[in-house]
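What follows is one structure encoded as structure tokens, with my remarks underneath.
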Amino acid sequence: MAVYSQESLYVPREFKEAYKRKTRDYNGNPGEHYWQNFGVYNIEAEIIPDGWRILGKQTILYTNNSPDSLSEIVIKMYPNHYKKGGVRANKIPLKNLTDGMDISNLKVNGETVSLSMDASISNLAHAVKEKNTNNNISVSYNSTFLTLEFNKKLIPPNSTTTFSMDWETEMPLIYVNKIGAYDSQSAYMGYWYPQIAVYDDIDGWDKNEYTGAQECYTDFADFNVKIKVPKGNYVFATGDLLNPKEVLSTTEYSVYNLSKRNLEDLNILNHKAKKNNTVGSPSIWQFKAKNVRDFGFGVTNNFNWVANTTTLKNKAVSSNIIYSQKDEKNLRDLLDTQNKSIQYLSNELPGVAYPYNSFTSFIGVPEFDGMEFPMMANNGFSNNQVSNNLMTFHEIAHTYLPHWVGVNEVKYSWMEEGWATFLTIKFCQDFYRGTKFENYELKRAIRSYNKSAGKQWETPLFSPSNYMVVRNMHFQQSYRKPAFMYLALEYLLGEKLFKTCLKTYLNRWKGKHPSPFDFMFTFNNVSGKDLNWFWEKWVFEYGYADLALIKIEGSKVVLENIGGLPVPVSLKLTYSDNKTSVINKTPEIWLSGKSKALIEIVNEEDLVSVELITSAFPDVNSTNNLLEVYIE
């Protein structure tokens, strides 16, 4: 396999340092000194549906695998996104504003930490802060995280530190930004517990605020979670349910076990048929998940639960949908779509077996929206069955990126949303092959891309995603543009080689944190091609998809690349006898870097017209896509 250096690409200083330290390799592999830190979260939480309050206590065993002695620890407090005065990039209903997350009784290796607010912290500028030298640990607050600063005893390499704390918070009373309440009886809990931030080999501590525009960069961890809910409530969560016999009725437990080996849909819970069992002691649901990036869960006492098993080559996956009765008319064959999605991802593209034991769609969002969590999605629905099916697939596709391969989706959302969009386009073409919906997702993506491409705020993909607070900018840069870059890359390499590169990338970086360079250098390495010319245009420079037919010179068509991106070319030639032919060129036609290309024509003497075909790839300006030949 070939190895290509960074010489023709712009590589920022912090990335060069990582390569110098050999935590990453120019062939796209994790370096011989690659490391990442790890946590074990033991959480006990009580859910109070009236107001959707969460009372929690937790212990975190945090292992510092880095070569550095840590002088500080950053703890994310994501629910402060809803705190009055919090930093936000999205609109929040006033009803959803809260007092944020309150952490108390915080201890580090048994040492109590004083959590009094430091008055020197400013929202306007970095304030000079004097550490409290009377204590080993000082605390400073930002909007959605706090920092523990160690004045004396640092956290050494290859050590495990115990953090314990009590806390309480509340979820939004109205669903917003992918989590919150659907009604007084059902809600989805995401970004709900204090979490130690990522400390990595490129940026050090992740001190980005959670603004709601992007999602979260999280480390891999083990979770042992106990969730107490009032009697009659059901909990659906990341991981394996450890005590189903204790929390389900005898009938529910029997059907639940049967669903683990049954290919047919089974109704484990039907809200209409459920007896009133809301009186009595609270129930405690216990879950365990190993080596996952996050933990989310839904709570309800009025949803239905349908499940079955989908079989892969070497494993069975438990497949579940949890939904409100009011949405049943929109579900139709959704569980079947969910299973076919898992099978497509496992067997076709990317062709890597689904890595977990289960997948659950928790369906209650009161709008057409969806959000991925490990082994789960938090979804809503429209009246359009095709859209519902494709959104279901899109959220399952996120299993691979960012959950199995832990990309920094705060800085590089194009490395996960772009892949999910690309994979959805491919799945749609397979799932609806031969029907009018075959290119439904492709056409939708082309329309959206063309509407926004080439405008000032369409910055290079490498621009940090967390700087993108304009909604149109975020969707263009995170979803549409990268999806078409991956599609152009598939045209360039061919489907077989492209798939080999993608599978290798996923397997190299499963359970790890790849950077954009790790992705690009892996494709260089595995393909045996120096693709830096392609990355330079698509990732690091301004540009958009726009070709123009200029003229016909003898037996050649002159084509201009106005937008500058290396895109595929498809030309339709029409002759005087009404016969047609098509010429296809991969993006390699732009390898020279020149803005114009010459394409050879066959039988030019009988040619009537040349037309750019733009049904399979975007082209911003369609007015210059046709050349007609004047025949005397």
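The values are calculated or read from the model by the stated rules, or taken from the named source; none is laboratory data. Note that the coordinates shown come from a computational prediction; the quantities given were computed from them, not determined experimentally. Using ideal geometry, Cβ is built from the backbone for each residue, glycine included, and neighbour counts are taken over all protein chains shown. Accessible surface is based on the protein model in full, side chains and every heavy atom, while ligands, DNA and RNA are left aside. Shrake-Rupley method; radii C 1.70, N 1.55, O 1.52, S 1.80 Å.
Structure notes:
- For region 1-97, the list of trypsin sites (Lys or Arg not before Pro) that fall in a loop by DSSP and count at most 16 other C-beta atoms within 10 angstrom reads Arg21, Lys22, Lys84, Lys91.
- Sparsely packed chymotrypsin sites (Phe, Trp or Tyr not before Pro) within region 421-474, loop by DSSP, other Cβ within 10 Å at most 13: Trp457
- For region 245-364, the Kirkwood estimate of the hydrodynamic radius, built from every pair of different alpha carbons, is 15.7 Å.
- Column: log10 I(q)/I(0), Debye, Cα scatterers of the chain, q = 0.07, 0.08 Å⁻¹: -0.49, -0.63
- Among the trypsin sites (Lys or Arg not before Pro) in region 182-282, those placed in a DSSP loop whose Cβ has at most 12 other Cβ atoms within 10 Å are Lys231, Arg261, Lys272, Lys275.
- The simple spin-label model puts a point 7 Å past each Cα toward its Cβ; for Ser387 and Ser8 those points are separated by 4.3 nm.
- Carbon and sulfur %, accessible surface of the chain computed with the full protein complex present, 1.4 Å: 47
- Cα gyration tensor shape of region 363-502, rounded if a/c is under 1.5, else prolate or oblate by comparing a/b with b/c: rounded
- Dipole of region 1-117, positive end: most advanced residue of Pro12, Ile47, Leu94 [Cβ charges, Cα centre]: Leu94
- Dipole magnitude of region 457-539, debye to nearest 20 (Cβ charges: Lys/Arg +1, Asp/Glu -1, about Cα centre): 300
- Candidate lysines - alpha carbon under 25 Å from Lys95, same-chain residues fewer than 8 apart omitted: Lys76, Lys83, Lys84, Lys178, Lys326
- Only Lys, Arg (+1) and Asp, Glu (-1) charged, at Cβ; the chain dipole about Cα centre in debye: 1120
- Under the criterion of Cα pairs below 8 Å and six or more residues apart, the relative contact order for the chain equals 12 percent.
- Between Tyr542 and Ser249, the contour length at 0.36 nm per residue exceeds the Cα-Cα span by 99.6 nm.
- Each Lys and Arg contributes +1 and each Asp and Glu -1, all at the Cβ; summed about the Cα centre of region 311-452, the dipole is approximately 360 debye.
- For region 433-511, a/c is not less than 1.5, where a ≥ b ≥ c are the root eigenvalues of the C-alpha gyration tensor, and a/b does not top b/c. That puts it in the oblate class.
- Positive end of the dipole of region 468-535 (Cβ unit charges, origin at the Cα centre): among Pro516, Trp535, Val469, the Cα lying farthest that way belongs to Val469.
- Per-residue packing, averaged as other Cβ atoms within 10 Å, sorts the ranges 599-607, 614-622 into the order 614-622, 599-607, beginning with the highest.
- Helix-only CD estimate at 222 nm, as mean residue ellipticity for the chain, using -39500 (n - 2.57) per DSSP H run (n ≥ 4): -6000 deg cm²/dmol
- By a 1.4 Å probe calculation restricted to protein chains, Thr360 has an accessible surface near 10 Å², given to the nearest 10.
- Taking every protein chain into account, the accessible area of the chain amounts to 42 square angstrom per residue (probe 1.4 Å).
- Net lengthening on full extension, Asn347/Lys451 (0.36 nm per residue, minus Cα-Cα): 34.0 nm
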